[in-house]
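Engineer: This is the structure, below, for whatever I ask next.
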Amino acid sequence: MLEVVNLRIMFGMGPTEGSIEAPLSALAELQSRGLVRHIGLSNATAAQVAEGRKLAPIVCVQNQYNLAHREDDALIDELAQAGIAYVPFFPLGGFSPLQSSTLSDVASRLGATPMQVALARLLARSPNILLIPGTSSVAHLKENLFAADIVLSEEDMTALNGIAAAK
């Protein structure tokens, strides 16, 4: 049995409206046969999440989200209220790593790296955020784990939240 299968919705480059009934119904059938335990959605709009929740229990949504790309702020809040995990992909910027003097300044003041602070901000954003930052080394994994120990002040959060507005 597969623990979680995310339905990757690809109507466009980013989340794009369109019905997910047919592919999600196929996954729900696999779930009813005991082949899939949980279903998630990836690259989904809020409307698709609502549609999906009518068809099957949805345990997570995986969309692009980070300091600079915050289009899903309202969706994250809705999912948190429903007890649904939000898994940001490209939490560190993906192919265009996050770079900001604000991020660097906060990191320097906290004795952390900018990427640790970027991850800490995501963790502080909402309790339903589940981070899975990629890494290719144990040292980098340990560096990423330190993000969970960083405590951001309200002033830090305000400064970091301003990065998306400045882009």
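Every read-out reported here was derived from the displayed coordinates using simple, explicitly stated rules and does not represent laboratory data. What you see is a predicted model; the values in this text were computed from it and never measured. Positions of Cβ are backbone-derived with ideal geometry, glycine not excepted, and every protein chain shown enters the neighbour counts.
Engineer: What is the magnitude of the charge dipole of segment 13-58 about its Cα centre, with +1 placed on the Cβ of each Lys and Arg, -1 on the Cβ of each Asp and Glu, and no other charges, expressed in debye to the nearest 20?
Structural biologist: Values: 4 positive and 4 negative charges, 45 e Å.
That gives a dipole near 220 debye.
Engineer: I need the calculated FRET efficiency for the pair Ala22 and Ala50, taking r as the beta carbon distance and R₀ as 22 Å, to the nearest 0.05. Before the final figure, lay out each step's value.
Structural biologist: Values: r = 17 Å, r/R0 = 0.76.
The computed FRET efficiency comes out at 0.85.
Engineer: So what is the relative contact order for segment 1-42, in percent, with contacts set as C-alpha pairs under 8 Å and at least six apart? Present the calculation step by step, with values, prior to reporting the outcome.
Structural biologist: Details: 46 pairs, mean separation 26.6, N = 42.
Reported as a whole number, the value is 63 percent.
Engineer: Taking 8 Å as the Cα distance limit and 6 or more residues as the minimum spacing, I'd like the relative contact order of segment 75-162 as a percentage. Before the final figure, lay out the partial values.
Structural biologist: Values: 87 pairs, mean separation 30.1, N = 88.
The value is 34 percent.
Engineer: In addition: Just name one of Val151, Leu35, Val138: the one whose Cα is farthest towards the positive end of the charge dipole of segment 18-167 (beta-carbon charges, Lys/Arg +1, Asp/Glu -1).
Structural biologist: Checked the options; the winner is Leu35.
Engineer: Just to confirm the number: angle between the C-alpha axis of helix 73-82 and the first principal axis of the chain, 0 to 90 degrees, nearest 10?
Structural biologist: Taking the Cα atoms of the chain, the angle to 73-82 is about 60 degrees.
Engineer: If you don't mind, another one. Between beta-carbons, use under 13 Å as the cut-off and find the net charge around Asn43, counting Lys and Arg +1, Asp and Glu -1.
Structural biologist: Here the charged neighbours net out to -2.
Engineer: What percent do you get for the relative contact order of the chain when only Cα pairs under 8 Å and 6+ apart count? Before the final figure, lay out each step's value.
Structural biologist: Numbers: 253 pairs, mean separation 30.8, N = 167.
Worked out over the chain, it gives 18 percent.
Engineer: Separate question: Could you work out which residue, out of Ala85, Ala50, Ala120, moves most in a Gaussian network model of the chain, that is, has the largest mean-square fluctuation with Cα springs under 10 Å?
Structural biologist: Highest fluctuation among the options: Ala50.
Engineer: Taking the Cα centroid of segment 39-59 and of segment 125-152, what is the distance between the two, rounded to the nearest whole Å?
Structural biologist: So the two Cα centres are separated by 26 Å.
Engineer: With θ set to phi - 60°, apply the Karplus curve 6.51 cos²θ - 1.76 cosθ + 1.60 along segment 115-121 and write out the HN-Hα couplings as whole Hz, x wherever there is a Gly or Pro.
Structural biologist: With coefficients 6.51, -1.76 and 1.60, one gets 5, 5, 5, 4, 5, 4, 5 Hz.
Engineer: Further question on the same structure: At 37 °C and 0.692 mPa s, what whole-number value in µm²/s does Stokes-Einstein give for the translational diffusion of the chain, with Rh from the Kirkwood sum over Cα pairs?
Structural biologist: Values: Rh = 16.9 Å.
Diffusion coefficient, whole number: 194 µm²/s.
Engineer: Top mean-square fluctuation among His140, His69, His38, Gaussian network model of the chain, C-alpha springs under 10 Å?
Structural biologist: Ranking His140, His69, His38 by mean-square fluctuation puts His140 first.
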